[in-house]
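A short write-up of the structure that comes next.
The values are calculated or read from the model by the stated rules, or taken from the named source; none is laboratory data. Everything numeric in this text was worked out from a predicted model, so none of it was measured. Here the Cβ is made from the backbone with ideal geometry for all residues, glycine too, and neighbour counts use every protein chain on show. Each accessible area value is taken on the protein alone, full model and side chains, heavy atoms only, with ligands, DNA and RNA left out. Shrake-Rupley method; radii C 1.70, N 1.55, O 1.52, S 1.80 Å.
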Amino acid sequence: MKLVFAGTPEVAVPALDALIASDRHEVAAVVTRPDAPAGRGRRLVASPVAERAEEAGIEVLKPAKPRDEDFLARLREIAPDCCPVVAYGALLPKTALAVPARGWVNLHFSLLPAWRGAAPVQHAILAGDEVTGASTFLIEEGLDSGPVYGVLTEQVRPTDTSGDLLTRLAFAGSGLLVATMDGIEDGTLHAVPQSPDGLSLAPKITVDDARVDWTAPALRVDRVVRGCTPAPGAWTVFRGERLKLVAAKPVPDHQGLAPGELAAAKKNVYVGTGSHAVELLWVQPQGKKPMLAADWARGVRIAPGERLGVADVR
């Protein structure tokens, strides 16, 4: 089939690579979000998908909105058979959905209908799911509600961050997306409506969502840190300034600390929770680079009984 691929972040690049490598399909163009400011200089930078497409000599379309007439006219000129999508980042209007004869097919990183929305991997970790996966489905106007072509499952490991899990799903899902394109082309694959049972929503994780509540059990603190890593980043407050929690782990045999109370040894830093303690492994003070928690603790000289999360952010 002739394809127009839609995607934006790094997580979409494995799928684009897999489609480019396929000997059954032609990626005629790529649709991605417009260049965005990045870095200290805030200069405009192309998306990872745009960069990869340009390296491969593929036409790149960067509409401000996918309803723009210039974009729709060019899409009609290309006349794709199907438009595979991975994390494009914009809602597609009816006028765009109607262009490809076989529709727009999304690779979504959950087992639909579980975790419909922008942050399925983060919510899977926050909820303590032991198994998640990826689904390919035909896009319709509802939120991730279209009929499903195929799924794969992936174990959630006890130490997975959302970044770890998303990377594995991106590579495994690229094969699922190519297989879905193959099945659509040869007529062996037909989309099946989603079950009405097991529906859950996965809205974008906000900075407020990522603030650690030290009165919660250690298991919940661990999930927040892992689920919000690398973005938006779990955080707390220390001496009135924000402290990002890059890595931590529960320590079931360490008891006796009040919620948020710090205890620093030579090589370990512990924090009390609503149950047992967690050990801070890596932290990032405001305005600084990530560092070992033990090095941070030595530098700030934690006072007896001092706590995290008890003061307002300056």
How big is region 269-314 on each of its three principal axes, counting only the C-alpha atoms and giving the largest first in Å? 30, 24, 17
What residues have an amide H closer than 5 Å to that of Val251, excluding those fewer than 5 places away on the same chain, when H is modeled at 1.01 Å from N in the peptide plane? Ala277, Val278, Glu279
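Using Cα-Cα distances under 8 Å and only pairs 6 or more residues apart, what relative contact order does region 122-166 have, in percent? It would help to have the intermediate numbers written out before the result.
Values: 49 pairs, mean separation 17.6, N = 45.
Worked out over region 122-166, it gives 39 percent.
For Arg40 and Asp253, what is the calculated FRET efficiency with R₀ set at 45 Å and r taken between the beta-carbons, to the nearest 0.05?
Values: r = 44 Å, r/R0 = 0.97.
Rounded to the nearest 0.05, the efficiency is 0.55.
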What is the magnitude of the charge dipole of region 64-139 about its Cα centre, with +1 placed on the Cβ of each Lys and Arg, -1 on the Cβ of each Asp and Glu, and no other charges, expressed in debye to the nearest 20? 200 debye
Around Gly260, which amide H atoms from residues at least 5 apart in sequence, or from another chain, sit under 5 Å from its own amide H, with H modelled in the peptide plane? Gly272, Thr273
Unit charges at the beta carbon, dipole of the chain: most positive-side option, Gly128, Val246, Gln155: Val246
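At a threshold of 8 angstrom on Cα-Cα distance, excluding pairs fewer than six apart, so keeping six or more, what relative contact order does region 101-218 reach in percent?
Numbers: 184 pairs, mean separation 39.8, N = 118.
Reported relative contact order: 34 percent.
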Can you work out ³J(HN,Hα) from phi for every residue in region 89-95, in order, using Karplus 6.51 cos²θ - 1.76 cosθ + 1.60 and θ = phi - 60°, giving whole Hz and x for Gly and Pro? x, 8, 6, 9, x, 3, 4
Efficiency of FRET from Cβ geometry, Lys267 and Ser145, R₀ 45 Å, rounded to 0.05: 0.35
Among Ala294, Val85, Ser275, which residue has its Cα furthest toward the positive end of the charge dipole of the chain, with +1 on Lys/Arg Cβ and -1 on Asp/Glu Cβ? Ala294
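Using +1 on the beta carbon of Lys and Arg, -1 on that of Asp and Glu, and nothing else charged, what's the dipole of the chain about the Cα centre, debye to 20? Working shown, then result.
Numbers: 34 positive and 37 negative charges, 309 e Å.
Its charge dipole is roughly 1480 debye.
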In region 19-78, taking the dipole from +1 charges on Lys and Arg beta carbons and -1 charges on Asp and Glu beta carbons about the Cα centre, the listed residue (Val45, Ser22, Pro66) farthest towards the positive end is Val45
Quick query: amide H of Leu61 versus all other amide H atoms, modeled in the peptide plane; which residues come in under 5 Å with a sequence gap of 5 or more or a different chain? Val30, Val31, Thr32
Could you size up the charge dipole of region 167-293 around its Cα centre, putting +1 on the beta carbon of Lys and Arg and -1 on that of Asp and Glu, and report it in debye to the nearest 20? 840 debye
Averaging sequence separations of C-alpha pairs under 8 Å and six or more residues apart, then dividing by the length of the chain, give the relative contact order as a whole percent. 13 percent
Sequence-distant lysines (8 or more away, or on other chains) whose Cα lies within less than 20 Å of Lys267: Lys244, Lys249, Lys289
Which distance in Å, rounded to a whole number, links the C-alpha centroids of region 77-120 and region 206-255? 33 Å
To the nearest 10 square angstrom, what accessible area does Val246 show with a 1.4 Å probe? 50 Å²
Roughly to the nearest percent, how much of the accessible area of region 110-233 is carbon and sulfur, given a 1.4 Å probe? 58 percent
Selected from Val121, Val45, Val212 as most flexible by GNM, with the chain as the system and alpha-carbon contacts under 10 Å: Val45
Along region 222-237, Karplus-curve 3J(HN,Hα) (6.51, -1.76, 1.60; θ = phi - 60°) to the nearest Hz, with x for Gly and Pro, reads 4, 5, 5, 4, 6, x, 9, 10, x, 9, x, x, 5, 8, 8, 10
Assuming 0.890 mPa s and 25 °C, estimate D for region 207-269 with Stokes-Einstein, Rh taken as the Kirkwood radius over Cα pairs, in µm²/s. 198 µm²/s
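Within region 209-266, which trypsin sites (Lys or Arg not before Pro) sit in a loop by DSSP and count at most 16 neighbouring Cβ atoms inside 10 Å?
Numbers: sites: Arg211, Arg220, Arg223, Arg226, Arg239, Arg242, Lys244, Lys266; in loops: Arg239, Lys266.
Here the trypsin sites (Lys or Arg not before Pro) that fit, given the DSSP loop and packing criteria, are Arg239, Lys266.
Given only helices, namely DSSP H runs of n ≥ 4 each adding -39500 (n - 2.57), what is the per-residue ellipticity at 222 nm of the chain, to the nearest 500 deg cm²/dmol? Write down the numbers at each step before the final one.
Working: 8 runs with 81 residues, N = 314.
For the chain, the value works out to -7500 deg cm²/dmol.
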Per residue of region 204-221, in order, report the coupling 6.51 cos²θ - 1.76 cosθ + 1.60 (Karplus, θ = phi - 60°) as ³J(HN,Hα) in whole Hz, putting x for Gly and Pro. 4, 6, 8, 4, 5, 4, 8, 6, 6, 9, 6, 7, 6, x, 4, 4, 5, 4
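Just to confirm, what accessible area per residue do you get for the chain at 1.4 Å probe, in whole Å²? Mind dumping the intermediate values first?
Numbers: 15130 Å² over 314 residues.
That works out to 48 Å² per residue.
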Give me the Debye-computed log₁₀ of I(q)/I(0) at q = 0.07, 0.10 Å⁻¹ for the chain, equal point scatterers on Cα only, no solvent, two decimals. -0.34, -0.65
